[in-house]
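The values are calculated or read from the model by the stated rules, or taken from the named source; none is laboratory data. Only a predicted model underlies this, so the values are computations on that prediction, with no experimental measurement involved. Cβ placement follows ideal geometry from the backbone for every residue including glycine, while neighbour counts extend to all protein chains displayed. Protein only, heavy atoms only, side chains kept; ligands, DNA and RNA dropped before computing areas. Shrake-Rupley method; radii C 1.70, N 1.55, O 1.52, S 1.80 Å.
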Amino acid sequence: MLDAIQMIRLDYLSCVLTVLGTILLGKKLWQGWVVAAINSAVVCVIGVRTAQFGFVPANLLCIALYTTNLLNWRPKKQDQ
């Protein structure tokens, strides 16, 4: 399992997730926020593996923002 994780090119995975998340959000789909959060987690892993630790807090903040946006994305109930 660990060998399979090490073989994955995280930069390419992040690229694909960025494009997919952008497309989903452009179509106003909530799944885009989930994909963006997963991408931020991947970027955190890249930051740790390459000793670029500045990526970690920035992307943890992004994950928090994506979570907030996802929770606020829900349709508002209309008054009857």
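List of remarks:
- Residue match in the stretch 49-58 (condition: at pLDDT 90 or above, part of a helix (DSSP H, G or I), under 10 Å from the mean Cα position of the chain (by Cα) and crowded, with 16+ Cβ neighbours inside 10 Å): no
- Output for the stretch 7-18, where each listed residue is part of a helix (DSSP H, G or I), farther than 24 Å from N72 by Cβ and of a type in the set (V, I, T): V16
- Inspection of the stretch 6-13 identifies at least one residue that is within 12 Å of the chain's Cα centre (by Cα) and either modelled with pLDDT of 90 or more or surrounded by fewer than 16 Cβ atoms within 10 Å (Cβ to Cβ) (or both).
- Flag for A64 being buried (at least 16 other Cβ atoms within 10 Å of the Cβ) and assigned to a helix (DSSP H, G or I): no
- Residue match in the stretch 23-36 (condition: open to solvent by 90 Å² or more (accessible area, probe 1.4 Å) and assigned to a helix (DSSP H, G or I)): no
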